[in-house]
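Notes follow once the structure below has been shown.
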């Protein structure tokens, strides 16, 4: 407990065997002093032996902390109270303070250790070695990009890369929280931290170990504790002022009544003051509250949600607006060309060929779908100019002709007329218009599917009482409105440029409450950074997602956001339960001790018992497995 007090000082480490030996030996002496018939000197010596065995470490740590300026910590409070009890002849209670304190601390240390082990087990994905083709095992950090490694059945994949030979199924539970294996074969991308379940895989390394998925996830988890929620910072400051204040109050309680009250006995009031000191330590708060957030982050990880810090977990509680990107977030982002609509004088084949060359250098899913529909490799030699206009489309020079491929905004900006039929009967899906030498050549219709999980995600957020659910997208209005209507999203803003998304998000933020933005983490980095809480969808392996987002949903399921919100609400509820319980019990026992109605034994419960119960309450978060709505 004391290592989490205001001073942050840690006890000197000693072996578990020695610690338990001292605790057992001290308990034997303590029981001997209680039940054996001894003269006064022998009784003192027996209790003193018990005290030294059990509490000598605490007293020594308190002495060492004084020159460092760490005076008002739990070591000091326990030492002062127990030595004072010895001074006034309360030997059993002096030894009992240390005995029950150490027993309580042993239980608490085990509880905290088990919670940390649970977190560690969740993130037990760090590979120990990489195997070269010759069978040599090497440190993954020594393997360079482009090297070839082999991964045998049952081994962890040590580095991100691509399969060049072999077939297998990968267990990605540690990365995504999903138990369904993922089949891979030659050409498949694989992520470090996955476990090879069946076949032998030969992998080409694409990233060094420090930039691999497993390293990024481990850094996120390791750094998460450093980003404290506001309530954690408040408790730290509270303990800094609270502990000296109660020490001062204890001094006044011991000194003033004998001076001011006729017949008051100094030793009686000193005993009350010493009891007051034992119960006053704020460890229940200083230990259990950071542990609550740590447990919340761990529970989220267990459910496929990476949260970068307790501050972001806590911020979810204050969110009133959730803003979704469309493509790749609520929809699959796997497009296919469903219609080819050539203008007069054009054939479908020629229009598709022109579009495929226009989209030659783009990695956008729509561009990929057009090249896939073309079925051939575009000839880059036929392009002499290429310009991508954000939020509008692409302008190229193809076979000596100026080609435009984009949305209606691009055509308006380039002063190219679209036929009236485009506006009177808009097709379902995303439409890419094409023009050659300023004349309309036709259009391609690209359709995207809604994720099976999306409707459930929106319903879950509505159940949680989110005030506003909004969709922002660069897609055309017709397609965006149909997707929004199918999902039950009341507000949709379409045909937005990247900077317009940021402006719209800032406008939504003015309505009060925090705003969550959920995007794919690649195209939406500016909006993720501008939101109060940025959530990246399907972000495992995506550099942009991990860097820009505050929370990464490691699977491709938007319903994980509801799970994150439920974990955040449970964490806050438990934090406030611990605050109210700890302060309430301590206030009651402090008052009783000042009135002489609570002795040392009661005070031990007020400190050790309350802290232990608060920690057990915090650990309940680790048992949470949020169900889908």
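Throughout, read-outs are computed from the coordinates displayed, never taken from laboratory work. The structure presented is a predicted model; accordingly, all values stated were derived computationally and were not measured. Counting neighbours? That spans all protein chains shown, and the Cβs are built from the backbone with ideal geometry, glycine included.
Roughly what % of DSSP beta bridges within the chain run antiparallel, to the nearest 5? Could you put the intermediate results ahead of the total?
Working: 52 of 72 bridges.
The antiparallel proportion sits near 70 percent.
The spread of Cα positions in the chain, taken along each principal axis and listed from longest to shortest, comes to 116, 62, 40 Å.
Starting with the fewest neighbours, write out 19, 560, 137, 401 ranked by other beta-carbon atoms found within 10 Å of each beta-carbon.
On the way: 19 17, 560 29, 137 9, 401 12.
Lowest to highest Cβ neighbour count: 137, 401, 19, 560.
When the P(r) of segment 299-393 is calculated, the portion above 19 Å amounts to 61% of the C-alpha pairs. By the beta-carbon count within 10 Å of each Cβ, the least crowded to most crowded order of 364, 357, fewest first, is 364, 357. Compared with the dominant principal axis of the Cα atoms in the chain, helix 266-280 is inclined by about 20°. Largest first, the three principal axis extents of the alpha carbons in segment 370-428 are 38, 25, 21 Å in whole numbers.
Summarised as an ellipsoid, segment 336-447 has semi-axes of 19, 16, 14 Å, derived from the eigenvalues of the Cα gyration tensor scaled by 5 and square-rooted, with the largest first. Sorted ascending by nearby beta carbons within 10 Å, beginning with the fewest, 528, 132 become 132, 528. Relative to the longest principal axis of the Cα atoms of the chain, the long axis of helix 365-374 makes an angle of roughly 40 degrees. Seen against the Cα atoms of the chain and their longest principal axis, helix 348-358 is set at about 50 degrees.
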